Amino acid sequence: MGEMRISFNFYNCTHVYFKDSSCVKCIDICPIDNVLTLKEGKITFNEERCVNCGTCFGICPTESFDLRNFSIDHLVKKIENTEFKVVSCKEDIPCLAAFDPQHVIFLILKTKSSIKFDMSGCDKCELKQLKNRISEIIEEVNYFLTSLDVDQRVIPDYEGVENKNNLTDYERRNFIKDLGKLSAGIAVMAVTKGLNIDDNKEKDDFKNIVEEKVLIEKRRRLIQILKKSNINLEGKKIKTDKVSFTSDKWIEVSKCTNCSICYNLCPTGALKTNTDRLQILFEPSLCVKCHVCHDSCPEKCINISEELDLETFVNGMKILAEHVMIPCEECLVPFSYKGDSTLCPRCRQLSDDIRDLLKLGD
């Protein structure tokens, strides 16, 4: 494999879909100060400070980051063709924290093998604070595999494995820093071109978020391997607070106004509507738990369920809300009828305000 370095495509970021998105996972996890910052609703990437550890690549729900020359297919072939099923930062990936749990689940199901994570150098690494993130990935992967009734696991290995690249400890400790310095000049040009930072061009190229959704490659692979593995998913559930990459939802229909904001802003199309726009539908296989729908909902009526049925996750779609739209008897604007007032919420509020005002005059 060639040199691995990070590039950033802001147009996949949740902040494109909703400026005030609460997602700052990349900023929170980055081990180097001021590589990633949030300013005026936009994530900015300082490639000159980046050490190309790849952690942002692993944690971003919408794959806004790319780890160039990283190949999950390469790892599959390696594990299938070697006796020792080990993944190591010394040869396979800049840091094990660059994995998304979905990558590792796919890797294990595809190879039908337990896999060791070589963590022997974590305590000596310049980025040793990422050790906790690696442990979180291991815990999440093993929880998901246990929920599937799959015997294979990811296993932390603190003793170390043979380093096929023959890097000394000193070389390894400086590898990540050197990689960032060596690639900085090229990365500046490549990333800048990809970001289209010219203000006029940015306006021209800005995506139509109502129509264009992000295709998440790591999710596509996971769903594909779950279907091909012939795992019996009937009755199997996961706790949504134990996985970082998907969720199940429910809507408090009495509050929902069918304003359409949630499914228009959903980056992946997990939330959608039917042809007559009277239903809000949810497809868990597309949900990346980015919280854009929760952040943008004016009525705050979207909630995460405690459990997700795995059969629904892989194959299903559910109705979250059904609406009956009628014209308001006052302003004639259609609204979601709840079986009580024939006035729309705006006219009801206006009527209440006038009534309160008249009371003040008594």
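With a 1.4 Å probe and all protein chains left in place, how much of the accessible area of the stretch 17-133 comes from carbon and sulfur atoms, in whole percent?
Details: 2230 of 4910 Å².
Accessible surface attributable to carbon and sulfur in the stretch 17-133 totals 46 percent.
Which entries in the list K116/K242; K25/K85; K242/K272; K42/K338; K77/K213; K131/K228 go over 27 Å, if you measure between the two C-alpha atoms of each?
On the way: K116/K242 21 Å; K25/K85 30 Å; K242/K272 25 Å; K42/K338 38 Å; K77/K213 31 Å; K131/K228 33 Å.
Correct reply: K25/K85; K42/K338; K77/K213; K131/K228.
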Across the stretch 302-312, in residue order, what do the Karplus-derived ³J(HN,Hα) couplings come to in whole Hz, using 6.51 cos²θ - 1.76 cosθ + 1.60 with θ = phi - 60° and x for Gly and Pro? 9, 10, 9, 6, 6, 10, 10, 6, 5, 5, 5
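Figure the gain on full extension for K128 and K236 (residue separation times 0.36 nm, minus the Cα-Cα span) and round it to one decimal in nm. Could you put the intermediate results ahead of the total?
Working: separation 108, 0.36 × 108 = 38.88 nm, distance 3.60 nm.
So the extension gain works out to 35.3 nm.
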Whose amide H sits under 5 Å from the amide H of K237, counting only residues 5 or more places off or on another chain, with H placed in the peptide plane? L310
For the stretch 126-143, 3J(HN,Hα) per residue [Karplus equation, 6.51 cos²θ - 1.76 cosθ + 1.60, θ = phi - 60°, Hz, x = Gly/Pro]: 4, 10, 5, 5, 7, 4, 5, 5, 4, 5, 5, 4, 4, 4, 5, 4, 5, 5
Please compute the Kirkwood hydrodynamic radius of the stretch 38-148 from all pairs of different C-alpha atoms, in Å with one decimal. 15.0 Å
Measure off 7 Å from each Cα along the Cα-to-Cβ vector at Q224 and S22, then give the distance between these two points in nanometres to one decimal. 3.3 nm
Over the stretch 8-86, one equal point on each Cα, no solvent: what is log10 I(q)/I(0) by the Debye formula at q = 0.17, 0.18 Å⁻¹? -0.70, -0.75
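With a 1.4 Å probe and all protein chains kept in place, how do V87, V253 rank by accessible area, largest first? Can you show the working numbers first?
Values: V87 0, V253 55 Å².
Correct descending sequence by accessible area is V253, V87.
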Tell me the net charge near G235. Cut-off is 10 Å between Cβ atoms, G235 excluded, with +1 for each Lys or Arg and -1 for each Asp or Glu. -1
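Please list D66, D241 in order of solvent-accessible area, largest first, computed with a 1.4 Å probe with all protein chains present. Please report the intermediate quantities before stating the final value.
Details: D66 75, D241 130 Å².
The most accessible residue leads, giving D241, D66.
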Output ³J(HN,Hα) for the stretch 61-73: one whole-Hz value per residue in order, computed from phi by the Karplus curve 6.51 cos²θ - 1.76 cosθ + 1.60 with θ = phi - 60°, and x for Gly and Pro. x, 10, 6, 6, 9, 10, 9, 4, 6, 7, 9, 5, 5
Using modelled backbone amide H atoms (1.01 Å from N, in-plane), which distant-in-sequence or interchain residues come within less than 5 Å of I115's amide H? R153, V154, I155
Å² of accessible area per residue within the stretch 247-362, as computed with a 1.4 Å probe and no ligands counted: 53 Å²
Rounded Å value of the spacing that divides the Cα centres of the stretch 25-99 and the stretch 224-272: 25 Å
When the accessible area of the stretch 221-327 is split by element with a 1.4 Å probe, what percent falls to carbon and sulfur? 49 percent
Enter the accessible area of H74 (Å², nearest 10), with the probe set to 1.4 Å and all protein chains included. 80 Å²
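Provide the per residue accessible area, probe 1.4 Å, for the stretch 9-85, rounded to a whole number of square angstrom. Walk me through the numbers before you get to the answer.
Details: 3540 Å² over 77 residues.
Per residue, the stretch 9-85 has an accessible area of 46 Å².
The values are calculated or read from the model by the stated rules, or taken from the named source; none is laboratory data. These figures come from a predicted structure and were not determined experimentally. Quick reminder, even Gly has a Cβ in these numbers, built from the backbone with ideal geometry, and neighbours come from all protein chains shown. Heads up: the accessible areas ignore ligands, DNA and RNA and are worked out on the full protein's heavy atoms, side chains in. Shrake-Rupley method; radii C 1.70, N 1.55, O 1.52, S 1.80 Å.
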